[in-house]
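To start, the structure under review is shown below, and the notes come after it.
The values are calculated or read from the model by the stated rules, or taken from the named source; none is laboratory data. Predicted model only: the values in this text are computed from it and were never measured. Using ideal geometry, Cβ is built from the backbone for each residue, glycine included, and neighbour counts are taken over all protein chains shown. What goes into the accessible areas is simple: the full protein's heavy atoms, side chains included, and nothing from ligands, DNA or RNA. Shrake-Rupley method; radii C 1.70, N 1.55, O 1.52, S 1.80 Å.
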Amino acid sequence: MATTELNFKVEHVEESAVTKVDWENLVFGKTFTDHMLVMDYADGAWEQPQILPFQSILMHPAMSSIHYGQSIFEGLKAYRQMDGKVAVFRPDMNAKRFNESAERMCMPQIPEHLFVEMVRKIVEIDQAWVSGIEGHSLYIRPFMFATDHWVGIKPSDTYKFMILLSPVGTYYSELVRVKIESYYTRAAVGGVGRAKAAGNYGASLYPAKFAQANGYHQLVWTDAKEHKFIEESGTMNILFQINDTLITPSEEEDTILRGVTKRSILEIAAHWGINVQERKISVEEIIHAANSGVLQDAFGAGTAASLAQIALIGYKGIDYMLPPVETRTISNRLKTYLTDVKIGAVEDELGWNLLV
Ligand code: COI
């Protein structure tokens, strides 16, 4: 980065499209705001960030990210506060994770405070798109991809960083049905599972397709070596409640995405004195807990899905039903509190909201 202070070039739309949004029928990720942010990297430095009217971009057919997948992304959200202001939830965490992904994929770093400022600035410009409807938010999608025009394989010398904004409603309209995967693999130790690399998501589509054809929403990924240990669920991290303890797979190995929503849930739960464990969790332990009636709850945690409670877990042809959602006191309390913090309905004790 040539400068430490950002000097944006801003080109505003002539007329906002916000009045045309069908707020009641939003489909996740299909509606985009008036503007987008673009910043190019060349000659070892980031150029001036530009905020432009939302538009298509030109691509060279040999652009290296299309061929070799040097492409990473982030997901975070802005919320309309009870007092009418707009705040972004924990953008510093995404900035940090973005750079971790960039490092793993041989891509350039973006100083965290500049990443956060770019997010803040574009949300400020398009803040009219943050609706105050219950369950709604503005999904923020920063991403970076390699742009060298070369089909030779090496880390690109040039990159494009962009931010898109998309108003969204609730990701899941019902409790989630998941199936434990015991053949296909999302990530192996030493691979790129910890990175939010585009290819991880592309590779998950084929196995997910089979689960979806059998009535499940998502897979629960297991370890690549033996398929004995739980890792994460589709695009979310996964948490279980056995008796009164909240457990989730530990992040020690580099196969699991370091989720911001999951981390926030664990921090709140620990603050409330709930017993929280991050450790290896075997499939056997979960099935045994379900059979003996002590599996009180299971839920996913992710930016898009927020806290998504699970209805049932499929494994080797059997569906293990979870208790009725009304009885799940811990996840219900966590879900309410997390939403309340994000919309400013309770005090932001931990300083998680960035007002734009
Ligand atoms: C997110 O929660 O931000 C995700 O990565 C989900 C997305 C793939 C829809």
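Counted by Cβ distance under 11 Å from T147, the other residues give a net charge of -2, where Lys and Arg count +1 and Asp and Glu count -1. By the Stokes-Einstein formula, at 0.890 mPa s and 25 °C, region 283-356 with its Kirkwood radius over alpha-carbon pairs has D equal to 172 µm²/s.
For region 259-356, averaging the sequence separation of C-alpha pairs within contact (under 8 Å, six or more residues apart) and dividing by the residue count gives a relative contact order of 22 percent. So with the 1.4 Å probe, I'd like the accessible area per residue for the chain, rounded to whole Å². For the chain, the per-residue accessible area is 46 Å².
Using the Karplus relation 6.51 cos²θ - 1.76 cosθ + 1.60 with θ = phi - 60°, the per-residue 3J(HN,Hα) values for region 339-351 come to 4, 4, 5, 5, 9, x, 7, 10, 4, 7, 4, 9, x Hz, with x marking Gly and Pro. Over what distance in Å are the Cα centres of region 297-330 and region 76-109 separated? Cα centroid to Cα centroid, the span is 26 Å.
Label-to-label distance, E15 versus H149, with points set 7 angstrom from Cα along the beta-carbon direction: 3.7 nm.
For the chain, relative contact order (Cα pairs under 8 Å, six or more residues apart, normalised by length) works out to 18 percent. Based on C-alpha pairs under 8 angstrom that are at least 6 apart in sequence, region 176-343 has a relative contact order of 24 percent. Could you tell me the calculated FRET efficiency between D244 and Y201, based on Cβ-Cβ distance and R0 = 30 angstrom, to the nearest 0.05? After rounding to 0.05, the efficiency reads 0.30. Across every direction, the projection of the convex hull enclosing the Cα atoms of the chain has a mean area of 18.4 nm². With the simple spin-label model, which puts each label point 7 Å out from Cα in the Cβ direction, the A62 to E174 separation comes to 5.0 nm.
Cut-off 12 Å, label point 7 angstrom out along Cα-to-Cβ of Q277: give me the residues of region 229-270 whose amide nitrogen falls inside. Answer for this model: 240-250. Centroid-to-centroid, using Cα positions, region 129-149 and region 1-71 are 10 Å apart.
Quick check: from the Cα gyration tensor, does region 176-239 come out rounded (a/c under 1.5), prolate or oblate? Because a/c hits 1.5 or more and a/b exceeds b/c, region 176-239 counts as prolate. For region 176-343, the Cβ-based charge dipole about the Cα centre amounts to some 400 debye (Lys, Arg positive; Asp, Glu negative; other atoms uncharged).
Can you give me the % of accessible surface on the chain that is carbon or sulfur? Probe 1.4 Å, all protein chains present, nothing else counted. Before the final figure, lay out the partial values.
Values: 8600 of 16460 Å².
Here it works out to 52 percent.
Cα gyration tensor of region 114-272, axes a ≥ b ≥ c as square roots of the eigenvalues: rounded (a/c below 1.5), prolate (a/b > b/c) or oblate? Because a/c hits 1.5 or more and a/b fails to exceed b/c, region 114-272 counts as oblate.
What's the local net charge at A211, with K and R +1, D and E -1, over the other residues with C-beta under 11 Å away?
Local charge sum for A211: +2.
Let me make sure I get this right: for region 72-192, a, b and c are the square roots of the gyration tensor eigenvalues over alpha carbons, sorted descending. Under 1.5 in a/c it's rounded, otherwise prolate if a/b > b/c, else oblate. Which is it? Don't skip to the end; give the middle numbers.
Working: a/c = 2.37, a/b = 1.27, b/c = 1.87.
Oblate is the answer for region 72-192, as a/c is 1.5 or above yet b/c matches or exceeds a/b.
Under 5 Å between amide hydrogens, built in the peptide plane, is the criterion, and for A311 it picks out V176, R177, V178 among residues at least 5 positions away or on other chains. With a cut-off of 11 Å between beta carbons, the residues surrounding N332 carry a summed charge of +1, where Lys and Arg count +1 and Asp and Glu -1.
Ordering F229, I265, M107 by Cα displacement along the dipole of the chain toward the positive end leaves F229 in first place; charges were set at the Cβ atoms of Lys, Arg (+1) and Asp, Glu (-1).
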